[in-house]
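Read-outs throughout are calculated quantities, based only on the coordinates presented, and are distinct from any laboratory measurement. Here the structure is a predicted model, which is why all the values come from computation and not from measurement. For neighbour counting, all protein chains shown are included, and Cβ atoms are generated from backbone atoms with ideal geometry for every residue, glycine included.
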Amino acid sequence: MKTKAVRLYGKEDLRLEEFELPQIKEDEILAKVVSDSICMSSYKAAKQGPKHKRIPDNVNENPVIIGHEMAGEILEVGANWQHKFKPGQKYSIQTALYYEDGPLGVLSAPGYTYPNIGGDATYVVIPRDVLVQDCLLTYDGPGFYPASMAEPLSCVIGAMHANYHTKPGSYMHQMEIVDGGKMAILAGVGPMGLAAINYVVNRKDRKPSLLVVTDIDDVRLQRAADIFTVEWAKENGIELVYLNTAGVENPVEKLKEISGGTGYNDVFAFAPVAPVIEQADAILAFDGCLNFFAGPTNPDFSAKLNFYNVHYAATHITGTSGGNKDDMAEALDCLSKGLDPAGLITHIGGLNAVAKTTLNLPNIPGGKKLIYTHKKLPLTAIDDFAEKGKNDPFYAELANLVSKTKGLWNLEAEKYLLENAPEI
């Protein structure tokens, strides 16, 4: 079967190409990709090329398909997996395989390492590596875009599970955020921050009593507050506070004041910026845990840490690089049960828009850029649908459909796009 895919050949060298996929083997699966969300991790991979730890050295000769926040439909199942999967099932993939026998060992990952699987393609071959690691996960919920958001949501879930605390008189680590505690998410209104707010407030098993979300951009903060309202959080048992720290003379003092002077049990830094990390460290409560969530591109990146508090106030630090398959399964379960990640999505495009979007991702404002891989569409902000709709009935109808959900992407809009957008 022929596929169209965006392949990486080297540093900043992305090409949209059509090529023949090999016939699947008995331990492989043929699948259709419907949607893929472009991730900053793909930007980093494209910028670094073979210097990236997950990209093969010979990528110039054996290019790989990029993209890993994918969702689609299973088409054909090899004999060895017919007991578990069947054609017609919807799926997503946990990209962090941790498979020692992969082409790059435990660093091997779809969207980085493999020639025939990645999210930015029309069709892919899911290899044995994914299947034996139980990283092909079925999705039973509506539509496709929620499943494309499962991977970023799993990263947030993994971060929450990775935080740890102790009890006085014991050095045994108690994993997870403090139930009923105080939480701060700094630089927290980007796509991943929004995913974190959504997950934290919707959790049933444990959640903080206070959640403070900061940023330095009023527009971004207001959008977050419009999507995830203070009233909605209160109905779910959480006091939610949005704070622009750029307009505060002493942000640390203000954040401590909001906490009631105690500081925060769980603090998440969602930007790889030294002042943000140092601010996070400064507002930790006794036995507080700082989670450095955002991955830096600079291998020499560092920030100051108060080691007096590490010793005497039992503060500690952790970091996560993506979720694991259990986090991914939890994310898909949340999405199947109605958690809607549409607030993360600000742009829609087709496969033709992937290369340019990926290489310019940090310079494109807004949240997640969602790609429908069988479609030929320019990357377009949802906020621009109405304007484009003045001259194009396709965008006029999309504008009408998203107006029903306060300007957010939705299942009805996705269905209309899949039925009416031009094919790639």
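Key figures
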| item | result |
| --- | --- |
| Cβ-based charge dipole, the stretch 67-126, positive-most Cα from 67, 114, 83 | 83 |
| Rounded, prolate or oblate (a/c below 1.5 giving rounded, otherwise prolate when a/b exceeds b/c) for the stretch 41-106 by Cα gyration tensor | prolate |
| 12 Å cut-off, amide nitrogen to a point 7 angstrom out along residue 51 Cα→Cβ, residues in the stretch 287-302 | 297-300 |
| Rounded to 5, the percent of DSSP beta bridges in the chain classed as antiparallel | 60 percent |
| With at most 12 other Cβ atoms within 10 Å, longest stretch of the chain clear of loop GluC sites (Glu not before Pro) (DSSP) | 250-424 |
| Efficiency of FRET from Cβ geometry, residue 167 and residue 2, R₀ 41 Å, rounded to 0.05 | 0.10 |
| The stretch 218-319: relative contact order in percent, alpha carbon pairs under 8 Å with at least 6 residues between | 21 percent |
| Values of log10 I(q)/I(0), in the order q = 0.12, 0.16, 0.29 Å⁻¹, for the stretch 353-417 under a Debye, Cα-only, solvent-free model | -0.31, -0.55, -1.37 |
| Rg followed by Dmax, in Å, when the stretch 125-215 is reduced to its Cα trace | 16.4, 53 |
| Calculated P(r) of the stretch 4-50 - Cα pairs past 14 Å, % | 64 percent |
| Segment residue 17-residue 302, extension gain: residue separation times 0.36 nm, minus the distance between their alpha carbons | 98.6 nm |
| Lys, Arg +1 and Asp, Glu -1 on Cβ, resulting dipole of the stretch 211-348 about Cα centre, debye, nearest 20 | 140 debye |
| Shape category assigned to the stretch 150-301 from the gyration tensor of Cα positions, a/c cut at 1.5 | rounded |
| Net lengthening on full extension, residue 388/residue 333 (0.36 nm per residue, minus Cα-Cα) | 16.2 nm |
| Phi to ³J(HN,Hα) by Karplus 6.51 cos²θ - 1.76 cosθ + 1.60 over the stretch 279-285, Hz, x for Gly, Pro | 5, 4, 4, 6, 9, 5, 7 |
| At R0 = 22 Å, FRET efficiency that the Cβ-Cβ distance of residue 359 and residue 419 yields, to 0.05 | 0.15 |
| Geometric extent, Cα atoms of the chain - Rg, Dmax (angstrom) | 21.6, 69 |
| Spatially proximal aspartates and glutamates relative to residue 51 (Cα-Cα < 16 Å; intrachain offsets below 8 disregarded) | 12, 13, 61, 300 |
| Sites residue 404 and residue 134 - FRET efficiency at Förster radius 30 Å, r taken between beta-carbons, to 0.05 | 0.20 |
| Packing-based order for 190-203, 128-141, 311-324, using average beta carbon neighbours within 10 Å, highest first | 190-203, 128-141, 311-324 |
| Separation in nanometres of the label points that stand 7 Å from Cα toward Cβ, at residue 381 and residue 26 | 5.5 nm |
| Tensor-based shape of the stretch 218-330 (alpha-carbon gyration tensor, a/c under 1.5 rounded, otherwise prolate or oblate) | rounded |
| Charge dipole (the chain, unit charges on Cβ, about Cα centre) - positive-most of 353, 314, 33 | 353 |
| 222 nm mean residue ellipticity, helices alone, for the chain (DSSP H n ≥ 4; -39,500 (n - 2.57); rounded to 500) | -8000 deg cm²/dmol |
| Distance from the stretch 64-128 to the stretch 265-292 (C-alpha centre basis), Å | 35 Å |
| Too-long pairs where the Cα-Cα distance tops 32 Å, listed order kept, from 167/304; 84/356; 32/234; 207/404; 167/368; 47/406 | 84/356; 32/234; 167/368; 47/406 |
| Label point distance in nm, residue 75-residue 249, each placed 7 Å from Cα along Cα→Cβ | 6.5 nm |
| Test item: Cα-centred dipole of the chain, Lys/Arg +1 and Asp/Glu -1 on Cβ, debye | 200 debye |
| Dipole of the chain, positive direction: furthest Cα of 97, 343, 236, with charges on the beta-carbon | 343 |
